[in-house]
1. Can you tell me how many residues in region 51-68 are surrounded by 10 or more Cβ atoms within 10 Å (Cβ to Cβ) and free of Cβ contacts under 8 Å to residues at least 60 places away in the same chain?
2. Which of the numbered conditions does L79 fail, given that it passes all the others? Conditions: (1) in contact with a Leu (Cβ under 6 Å, 6 or more places away or on another chain); (2) surrounded by fewer than 15 Cβ atoms within 10 Å (Cβ to Cβ).
3. Identify all residues within region 36-50 that are of a type in the set (F, W, Y) and either in contact (Cβ under 8 Å) with a residue 60 or more places away in the chain or open to solvent by less than 50 Å² (accessible area, probe 1.4 Å) (or both); write none if there are none.
4. Can you tell me which of A33, A71, A15 is surrounded by 11 or more Cβ atoms within 10 Å (Cβ to Cβ), among the small types (G, A, S) and out of contact with any strand residue (DSSP E or B) (no Cβ under 6 Å at 6 or more places or on another chain)?
5. State all residues of region 1-57 that are among the hydroxyl-bearing types (S, T, Y) and not in a helix (DSSP H, G or I); if no residue qualifies, say none.
Amino acid sequence: MLIRQNVYTVHACIASPEGKDLHLTDDSEKFHAKMGFEIVGRHYKCGYKFGKWYSIIWMDKVISERLDNPAAFVPFSQLE
């Protein structure tokens with residue numbers, strides 16, 4: 001579906017624990033890696049929740065060839 005919308009890369013922004021944590025695991029990072037996402041960046045201790053600072057991991061997955069002259073994004077409502 002995303003390819004039909006002219007989307008070339010999908011992104012994931014994931015809260016990341018540093019070691020064992022009561023509220024957060026690394027399961028989301030593992031899931032995305034299994035789905036073909038790769039870590040492209042990390043922001044250290046920039047998100048605050050559960051009374052604690054967490055790092056954020058950015059992961060990307062290229063789903064289509066990037067063209068020199070890409071077509072415009074097609075909104076979901078315009079797909080047949």
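1. Going residue by residue through region 51-68, those that are surrounded by 10 or more Cβ atoms within 10 Å (Cβ to Cβ) are 52-64.
Checking the rest, the ones that are also free of Cβ contacts under 8 Å to residues at least 60 places away in the same chain come to 52-62.
Here the count works out to 11.
2. (1)
3. Of all residues in region 36-50, those of a type in the set (F, W, Y) come to 37, 44, 48, 50.
Listed by number, the list holds a single entry, F37.
4. Values: A71 fails: surrounded by 11 or more Cβ atoms within 10 Å (Cβ to Cβ); A15 fails: out of contact with any strand residue (DSSP E or B) (no Cβ under 6 Å at 6 or more places or on another chain).
Only one candidate qualifies: A33.
5. Step one: list which residues in region 1-57 are among the hydroxyl-bearing types (S, T, Y), which gives 8-9, 16, 25, 28, 44, 48, 54-55.
Once the filter is applied, which keeps residues that are among the hydroxyl-bearing types (S, T, Y) and not in a helix (DSSP H, G or I), region 1-57 yields Y8, T9, S16, T25, Y44, Y48, Y54, S55.
The values are calculated or read from the model by the stated rules, or taken from the named source; none is laboratory data. The structure displayed is predicted, hence computed values, not measured ones. Because the Cβ atoms are built from the backbone with ideal geometry, glycine has one as well, and the counts that use them run over all protein chains shown. Just so you know, the surface numbers come from the protein's heavy atoms only, side chains and all, with ligands and any DNA or RNA stripped out. Shrake-Rupley method; radii C 1.70, N 1.55, O 1.52, S 1.80 Å.
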